[in-house]
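Below: the structure, in structure tokens.
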Amino acid sequence: MQTSLEFKTFNTPDEFKKFLDDEVGRIRTLLGDYLRRLEENRIKAERLKKAQEAIVKLAGEKQVTSFDGKEIDLSGLRVLVNPSLRQETEILEDIVKSLQDKLNIMQKIRKALDPLASFEEGIVTISAVMSDNIPIKLMVHLKP
């Protein structure tokens, strides 16, 4: 999937830092929510695995039939019909990793911008090219 770009302008370095701090807070909250869901899914998946192993022993078979849901490609969109706990867990793991990566990037950018704090108010405007709310290019406009 291709990401879209946006252009945002901040009148002061503090305004830009506040935006970054708010975004870091939002990501941390989301990450916490997904980590809780992931842990709940892992617990459920472990219980299900033990139950399936017990059924295999009871039935005298070597392995149990897969309970994975059906995956359909809908014009490039993956659609999972009745996804298994394993499939849901894998998706949640991907989301958690992505959010952790985004959080790390945002924190590095925030730290790198500390020198901008030395500008007096009204002397600089910052324009940022954003991809998924992550600054990928900055333009610092100095005012006379």
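The values are calculated or read from the model by the stated rules, or taken from the named source; none is laboratory data. Everything quoted here is computed from the prediction, not taken from an experiment. With ideal geometry, Cβ positions are generated from the backbone for all residues, glycine too; neighbour counts draw on all protein chains shown.
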Determine the pairs where a residue that is within 13 Å of N11 (Cα to Cα), located within segment 113-133, has a partner that is crowded, with 16+ Cβ neighbours inside 10 Å and among the aromatic types (F, W, Y) with Cβ atoms under 8 Å apart, the partner being 6 or more residues away or on another chain.
L116/F16; T125/F10; I126/F10; I126/F16; S127/F10; A128/F10; A128/F16
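Condition first: out of contact with any helix residue (DSSP H, G or I) (no Cβ under 8 Å at 6 or more places or on another chain) and either over 20 Å from Q100 (Cα atoms) or part of a strand (DSSP E or B) (or both). Now tell me which residues in segment 3-17 satisfy that. Walk me through how you get there before you give the answer.
Restricting attention to segment 3-17, the residues satisfying the condition of being out of contact with any helix residue (DSSP H, G or I) (no Cβ under 8 Å at 6 or more places or on another chain) are 3-7, 9, 11-12, 15.
Correct list: S4, L5, E6, F7, T9, N11, T12, E15.
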So for segment 84-98 (the condition being without any contact (Cβ under 8 Å) to a residue 24 or more places away in the chain, surrounded by fewer than 14 Cβ atoms within 10 Å (Cβ to Cβ) and either part of a loop (DSSP other than H, G, I, E, B) or in contact with a Pro (Cβ under 6 Å, 6 or more places away or on another chain) (or both)), does at least one residue qualify?
no
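Step by step: first the residues of segment 9-46, then only those that are of a type in the set (V, I, T) and either closer than 23 Å to L116 by Cα or crowded, with 16+ Cβ neighbours inside 10 Å (or both), then the one that is modelled with the lowest pLDDT. Which residue is that? Break it down into steps so the answer makes sense when it comes.
Of the residues in segment 9-46, the ones of a type in the set (V, I, T) are 9, 12, 24, 27, 29, 43.
Okay, now just the ones that are also either closer than 23 Å to L116 by Cα or crowded, with 16+ Cβ neighbours inside 10 Å (or both), so 9, 12, 24, 27.
On the way: T9: 95, T12: 87, V24: 95, I27: 96.
Top of the filtered list is T12.
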Whichever residue in segment 87-107 is more than 21 Å from A45 (Cβ to Cβ) and among the hydrophobic types (A, V, I, L, M, F, W, C) and, among such residues, is nearest to the chain's Cα centre (by Cα):
L103
Looking only at segment 134-144, how many residues end up being out of contact with any strand residue (DSSP E or B) (no Cβ under 9 Å at 6 or more places or on another chain) and under 11 Å from T9 (Cα atoms)?
0
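Scan segment 53-74 and tell me whether some residue there is closer than 29 Å to E23 by Cα and either hydroxyl-bearing (S, T, Y) or in a strand (DSSP E or B) (or both). I'd like the intermediate steps shown before the answer.
Step one: filter segment 53-74 for residues closer than 29 Å to E23 by Cα, giving none.
No, every residue in segment 53-74 fails to be closer than 29 Å to E23 by Cα and either hydroxyl-bearing (S, T, Y) or in a strand (DSSP E or B) (or both).
Taking segment 119-134 as the search range and keeping residues that are on the phi < 0 side of the Ramachandran plot and in a loop (DSSP other than H, G, I, E, B), which one is surrounded by the most Cβ atoms within 10 Å (Cβ to Cβ)?
Only one residue tops the list, namely F119.
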Mind checking which residues of segment 85-104 are under 12 Å from I27 (Cα atoms) and among the aliphatic types (A, V, I, L, M)?
I95, V96, L99, L103
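Please verify whether L103 is within 26 Å of D14 (Cβ to Cβ) and either part of a helix (DSSP H, G or I) or among the acidic types (D, E) (or both), treating the condition exactly as stated.
On the way: within 26 Å of D14 (Cβ to Cβ): yes; either part of a helix (DSSP H, G or I) or among the acidic types (D, E) (or both): yes.
Considered against the rule, which asks whether it is within 26 Å of D14 (Cβ to Cβ) and either part of a helix (DSSP H, G or I) or among the acidic types (D, E) (or both), L103 comes out as yes.
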Sole residue being surrounded by 10 or more Cβ atoms within 10 Å (Cβ to Cβ), modelled with pLDDT of 90 or more and either on the phi < 0 side of the Ramachandran plot or basic (K, R) (or both), chosen from K137, K49, K111
K137
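Is it true that some residue in segment 60-68 is of a type outside the set (D, E, K, R), touching a Ser or Thr at 6+ places or on another chain (Cβ under 9 Å) and more than 30 Å from K143 (Cα to Cα)?
Initial filter on segment 60-68 (of a type outside the set (D, E, K, R)): 60, 63-67.
Keeping just the survivors that are touching a Ser or Thr at 6+ places or on another chain (Cβ under 9 Å) gives 66-67.
So of that shortlist, the ones also more than 30 Å from K143 (Cα to Cα) come out as 66-67.
The answer is yes, given that some residue of segment 60-68 is of a type outside the set (D, E, K, R), touching a Ser or Thr at 6+ places or on another chain (Cβ under 9 Å) and more than 30 Å from K143 (Cα to Cα).
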Would you mind telling me which numbered condition in (1) touching a residue at least 24 places away in the same chain (Cβ under 8 Å); (2) surrounded by 15 or more Cβ atoms within 10 Å (Cβ to Cβ) G69 fails?
(1)
